[in-house]
Amino acid sequence: METIIRIAVQKSGRLSDDSLALIKECGIKFYNGTGKLKSTSTNFPIEFLFLRDDDIPGYVADGVADLGIVGENELVEKDKEVNTLKKLGFSKCRLSLAIPKGQDYPGIDFFQGKNIATSYPKILGDFLSAKNINADIHEISGSVEIAPSIGLAEGICDIVSSGSTLMMNGLKEVEEIFKSEAVLIANKELSNAKKEVVEKLLFRMNAVQTGKSSKYVLMNVPNASIDKIIKLIPGMRSPTILPLAQEGWSSVHSVLNEDTFWEHIEELRAAGAEGILVVPIEKMIL
Ligand code: ATP
Ligand code: MG
């Protein structure tokens with residue numbers, strides 16, 4: 001019988017869309033009807049469990065799911081034994097301490113002896129003890145931002161992305177304590193047969209990620225500048241050069257890393273390149 005792996009993904013929320021998009025970009029087809037808790041792919045040996053993100057680390061640690069996609073904040077907070085296979089680059093956010101806007105903030109000692117409301121008692125507790133701060137951590141599961149205004153706490157520790165929720169609640173961010181993004185996690189005792197399927201999935205995810213961070217670049221170049229241009233854009237192996245219908249000109253194709261392509265584009269223009277096209281790459285297998 002074919003080995004099927006099971007992956008836990010968030011049912012709905014800030015992780016779910018990007019998690020499912022990544023899986024689709026890997027060419028894996030599945031039906032994701034509303035309200036469904038389980039689904040099986042029609043073209044890859046994988047089954048999906050749609051869960052609350054809080055439960056994902058535990059299900060993967062227990063082996064109910066073989067893999068999971070979850071934020072590092074939940075992973076570290078839940079403190080379960082799993083392997084982290086890969087950072088996924090989405091659902092980026094930070095956990096920060098915040099206090100009422102009007103309060104002076106002399107530094108971390110502000111929190112000495114204070115009450116802090118949070119949904120992340122472990123991450124906050126570890127941070128405070130590393131800084132030798134003795135504070136009362138008040139665990140609440142949601143709407144942490146209102147705690148100071150109702151007199152429940154003098155400060156909060158919560159997820160921040162833009163800071164607008166803090167502002168709406170009259171709070172200001174004073175310390176960033178943890179940075180998070182989505183990660184792919186795995187059970188520690190996968191069978192060899194399951195590991196093989198996981199490797200296939202990782203291979204596809206890597207191809208998607210590498211593709212996203214690269215661009216296919218085409219440009220017209222006077223033949224006299226080709227040597228100079230080639231030195232600027234080594235490409236995957238070496239650039240492709242095709243003659244244009246117009247004599248004395250060539251079309252040069254190459255792959256550039258997204259992070260540096262702007263800087264290269266300037267150098268290429270200076271070297272005489274024209275009609276530069278930058279095209280997204282869907283997948284890239286090195
Ligand atoms: P669930 O119902 O599954 O328990 P939740 O309400 O706990 O969902 P979400 O708000 O959907 O969680 O956020 C899921 C994860 O996405 C968070 O744990 C965090 O890793 C990340 N995240 C949270 N807020 C943001 C944000 N504003 N921008 C990007 N990522 C975020
Ligand atoms: Mg949750």
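The values are calculated or read from the model by the stated rules, or taken from the named source; none is laboratory data. Just so it is clear, the model here is predicted, and its values are computed rather than measured. Please note: Cβ atoms are built from the backbone with ideal geometry, for glycine as well, and neighbour counts cover all protein chains shown. Accessible surface areas use protein heavy atoms only, side chains included; no ligands, DNA or RNA. Shrake-Rupley method; radii C 1.70, N 1.55, O 1.52, S 1.80 Å.
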| request: Looking at (1) open to solvent by 30 Å² or more (accessible area, probe 1.4 Å); (2) under 27 Å from K188 (Cβ atoms); (3) within 16 Å of ligand 1 (Cβ to nearest atom), find the lone condition where T40 falls short. | output: (3)
| said: I'd like the residue in segment 129-162 that is within 16 Å of ligand 2 (Cβ to nearest atom) and assigned to a loop (DSSP other than H, G, I, E, B) and, out of all such residues, is most open to solvent (accessible area, probe 1.4 Å). | reply: S141
| query | Do you know which residues across segment 46-62 are of a type in the set (V, I, T), more than 13 Å from ligand 2 (Cβ to nearest atom) and part of a helix (DSSP H, G or I)? | reply | V60
| field | Residue match in segment 104-118 (condition: over 13 Å from S180 (Cα atoms), touching a residue at least 12 places away in the same chain (Cβ under 8 Å) and hydroxyl-bearing (S, T, Y)) | value | yes
| query | Where residues in segment 50-86 are surrounded by 23 or more Cβ atoms within 10 Å (Cβ to Cβ) and small (G, A, S), which of them is nearest to ligand 1 (Cβ to nearest atom)? | reply | G71
| task | Please specify each residue of segment 222-268 satisfying the condition of being in a helix (DSSP H, G or I), touching a helix residue (DSSP H, G or I) at 6+ places or on another chain (Cβ under 8 Å) and within 17 Å of G211 (Cα to Cα). | result | E258
| Of residues in segment 237-256 being more than 19 Å from E267 (Cα to Cα) and among the aliphatic types (A, V, I, L, M), the one most open to solvent (accessible area, probe 1.4 Å) | A245
| task | Among what's in segment 1-45 and is assigned to a helix (DSSP H, G or I), touching a residue at least 60 places away in the same chain (Cβ under 8 Å) and within 19 Å of T84 (Cα to Cα), pick the residue that is nearest to ligand 2 (Cβ to nearest atom). | result | S19
